[in-house]
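First comes the structure, then the notes that go with it.
The values are calculated or read from the model by the stated rules, or taken from the named source; none is laboratory data. Keep in mind the model is a prediction, meaning the values are calculated, not measured. Quick reminder, even Gly has a Cβ in these numbers, built from the backbone with ideal geometry, and neighbours come from all protein chains shown. The area values use the complete protein model at the heavy-atom level, side chains included, leaving out ligands, DNA and RNA. Shrake-Rupley method; radii C 1.70, N 1.55, O 1.52, S 1.80 Å.
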Amino acid sequence: MDHCQLNFPDVDFNGSETLTPESALKARLDASARKKYTFAKKKAFALFVRGLQLAADLAETSYRNVDRWRCCDQEFTDQVAVHRHVAAQHAAVVLQQTEHILEEMMIAAEPTSVPSADDVCASADKCWNRCDISDWLPDTSQYHKDDLTSDPGEVLLYYCYCEVTDPQWICNWQRTLCQVLNLTGKIRIATEGINGTVGGSKLSTRLYISTMLSHPLFKPVMCLEDFKTSEGGAHCFPDLRVGIFQEIVPMGIDPHKVSYKETAVHLTPEEFHKEVEKYLSKAHDEESNTILLDCRNFYESKIGRFQNCLAPDIRKFSYFPNYVDQNLEVFKDKTVLMYCTGGIRCERGSAYLRSKDVCKDVYQLKGGIHKYLEQFPDGYFRGKLFVFDGRYTISSNDDIISHCRYCAAPWDQYTLCCTARCCQLVLTCKECQDKGHTACCPTCQEKGLQTRSASLQLPFKEECECTEKRPKIPLEKI
């Protein structure tokens, strides 16, 4: 439960001039306690109202920013209305809680001055990692397990760069949170932030979002727009993996040397669309000073990309810094428009490119291709969007821009190489699959046949022509 979100009412509950339980209590207080009375009463009132707010309503209405409260078989959507109800019907309970709070304040005898509501919230925000993890979990007691595992589900993709002073606490909290909500997926945590892809029922993902947005670490820097959604569910991932790493996206550069704080200017999907439109209108101009840069890996750009982009033939994002270093002349005095799947690789990728001080300007697509396709499903991005889960791809248009590696027929559905321990992805159509062509290269194809025919599958050294023949860091032509 978020202890910080206490809305102190500006309502007068002084009552009449006749002796009331409240006036009797105040009469017993000494001067020091009377100074604390107003604060204690407002805190007691806020705690009572906070207890009426249901986790279910918070989750279901988080997309509309509407709060709901339930009390005495009534439902309230207006904060003033629920405050009036509590003042009229539950004054005795609030008064009793006020007395308890006063007693605790007097026993502590600190602070001597009356703290403000902002002070209380600031204190709670700073010490979240001293609380029990259960304090920051949603209430799921009113749900049946089927509600948290039902279809149709969805997959959430998000990241947040921020200062994480206690990664282990966040790691433990995220693991427990996902287990409570029956979510699967992968979450990376580092001192520089968090990066996650999780899948589950729509109720579970909405509860996850509302819980993330209420936590004091992420509340000031995240919003609903930071979460990208697509059809899917818990079945898209084999399990749940939550861990602590040096980087929330592996670029291979110390975050202290190249920080996300030095990132490029963010363009909204609308702004990026206009810039790409201007770029494509001058595509045949040899003097063009703009580069549309895809900073994803080759197997991602092979099946879907922006038209006329520069797509580096690299297998891992950790190769990107070396790619930039060896192709600085390509970027010299150019305006670079960068994009990736969800925006996270552009954050530090653009920071690294800017650190070389060769570009005229560097811009990046805010929210990545995910957010662009939400607004421009038939825009300048053609083909499929590669995703890092069991689906491999999601689509927004019918274009197929890649081909089967065996027969060259249009094809963009990946499968894993059939050879044990080879992690290459293969574009092989159904007809070729039926013929037994299911490997990424002739070496793997032959090796696969050998291991299947052998009575004992002995360990072998991984040798793949796809990897061996591809330059690790390709050089672009100027």
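So, Ile394, is that one among the β-branched types (Val, Ile, Thr), under 29 Å from the mean Cα position of the chain (by Cα) and outside any strand (DSSP E or B) or not?
no
Restricting the search to the range 236-250, which residues are under 23 Å from Tyr392 (Cβ atoms) and part of a loop (DSSP other than H, G, I, E, B)?
Phe237, Pro238, Asp239, Ile248, Val249, Pro250
Are any residues in the range 389-414 open to solvent by 20 Å² or more (accessible area, probe 1.4 Å) and farther than 28 Å from Glu275 by Cα, and if so, which ones?
Hits for the range 389-414 are Gly390, Arg391, Tyr392, His403, Arg405, Tyr406, Cys407, Ala408, Ala409, Pro410, Trp411, Gln413.
Which ones in the range 415-435 are open to solvent by 80 Å² or more (accessible area, probe 1.4 Å), closer than 18 Å to Asn297 by Cα and not in a loop (DSSP other than H, G, I, E, B)? It would help to see each step written out before you state the result.
Filtering the range 415-435 down to residues open to solvent by 80 Å² or more (accessible area, probe 1.4 Å) leaves 416, 421, 423, 430-431, 434-435.
Cutting the leftovers down to closer than 18 Å to Asn297 by Cα gives us 416, 423.
Matches in the range 415-435: Leu416 only.
Where residues in the range 279-315 are in a strand (DSSP E or B) and either open to solvent by 40 Å² or more (accessible area, probe 1.4 Å) or not hydrophobic (A, V, I, L, M, F, W, C) (or both), which of them is farthest from Lys384 (Cα to Cα)?
Of everything passing the filter in the range 279-315, Thr290 is farthest from Lys384 (Cα to Cα).
Taking the options Ala81, Ala108, Ala92, name whichever one is at pLDDT below 65, among the small types (Gly, Ala, Ser) and surrounded by fewer than 16 Cβ atoms within 10 Å (Cβ to Cβ).
Values: Ala81 fails: at pLDDT below 65; Ala92 fails: at pLDDT below 65.
None of the other options fit; the residue is Ala108.
Do the conditions hold for Arg206, that is, is it crowded, with 18+ Cβ neighbours inside 10 Å, of a type in the set (Lys, Arg) and not in a helix (DSSP H, G or I)?
no
In the range 347-364, what residues are surrounded by fewer than 18 Cβ atoms within 10 Å (Cβ to Cβ) and either part of a strand (DSSP E or B) or within 22 Å of the chain's Cα centre (by Cα) (or both)?
Asp361
Check the range 154-168 and report whether any residue there is crowded, with 17+ Cβ neighbours inside 10 Å, farther than 24 Å from Lys371 by Cα and not acidic (Asp, Glu).
Scanning the range 154-168, I find at least one residue that is crowded, with 17+ Cβ neighbours inside 10 Å, farther than 24 Å from Lys371 by Cα and not acidic (Asp, Glu), so the answer is yes.
Within the range 321-340, which residues are open to solvent by 10 Å² or more (accessible area, probe 1.4 Å) and in contact with a strand residue (DSSP E or B) (Cβ under 8 Å, 6 or more places away or on another chain)?
Correct list: Val330, Lys334, Thr335.
Would you tally the residues in the range 241-260 being open to solvent by 50 Å² or more (accessible area, probe 1.4 Å) and touching a residue at least 24 places away in the same chain (Cβ under 8 Å)?
Residues meeting the conditions: 6.
Conditions: (1) at pLDDT 50 or above; (2) open to solvent by 50 Å² or more (accessible area, probe 1.4 Å). Ala44 meets all but one. Number of the miss?
Exception for Ala44: condition (2).
Where residues in the range 214-226 are closer than 24 Å to Gln168 by Cβ and hydrophobic (A, V, I, L, M, F, W, C), which of them is farthest from the chain's Cα centre (by Cα)?
For the range 214-226, the residue satisfying everything is Leu217.
With the checklist (1) in contact with a strand residue (DSSP E or B) (Cβ under 6 Å, 6 or more places away or on another chain); (2) at pLDDT 95 or above in hand, flag the one item Glu270 doesn't pass.
(1)
Here is a check on your reading of the model: is Gly367 open to solvent by 50 Å² or more (accessible area, probe 1.4 Å) and under 19 Å from the mean Cα position of the chain (by Cα)?
Spelling it out, it is not the case that Gly367 is open to solvent by 50 Å² or more (accessible area, probe 1.4 Å) and under 19 Å from the mean Cα position of the chain (by Cα).
Go through the range 166-201 and count every residue that is in a loop (DSSP other than H, G, I, E, B) and β-branched (Val, Ile, Thr).
Summing the residues that are in a loop (DSSP other than H, G, I, E, B) and β-branched (Val, Ile, Thr) in the range 166-201 gives 1.
Return a yes/no flag: does the range 183-200 have any residue that is free of Cβ contacts under 8 Å to residues at least 60 places away in the same chain, out of contact with any strand residue (DSSP E or B) (no Cβ under 7 Å at 6 or more places or on another chain) and either open to solvent by less than 10 Å² (accessible area, probe 1.4 Å) or not hydroxyl-bearing (Ser, Thr, Tyr) (or both).
We begin by selecting, within the range 183-200, every residue free of Cβ contacts under 8 Å to residues at least 60 places away in the same chain; these are 183-184, 187, 189, 194, 196, 198, 200.
Those still in the list that are out of contact with any strand residue (DSSP E or B) (no Cβ under 7 Å at 6 or more places or on another chain) too: none.
No - not one qualifying residue is present in the range 183-200.
Considering the range 370-388 alone, what residues qualify as being assigned to a loop (DSSP other than H, G, I, E, B), at pLDDT 90 or above and open to solvent by 20 Å² or more (accessible area, probe 1.4 Å)? Before the answer, list the steps.
Pass one, the range 370-388, residues assigned to a loop (DSSP other than H, G, I, E, B): 376-380, 387-388.
Still in the list and also at pLDDT 90 or above: 376-380.
Listed by number, the residues that qualify are Phe376, Pro377, Asp378, Tyr380.
Filter the range 319-346 down to residues that are assigned to a helix (DSSP H, G or I) and among the acidic types (Asp, Glu), then give me how many there are.
Final tally of qualifying residues: 2.
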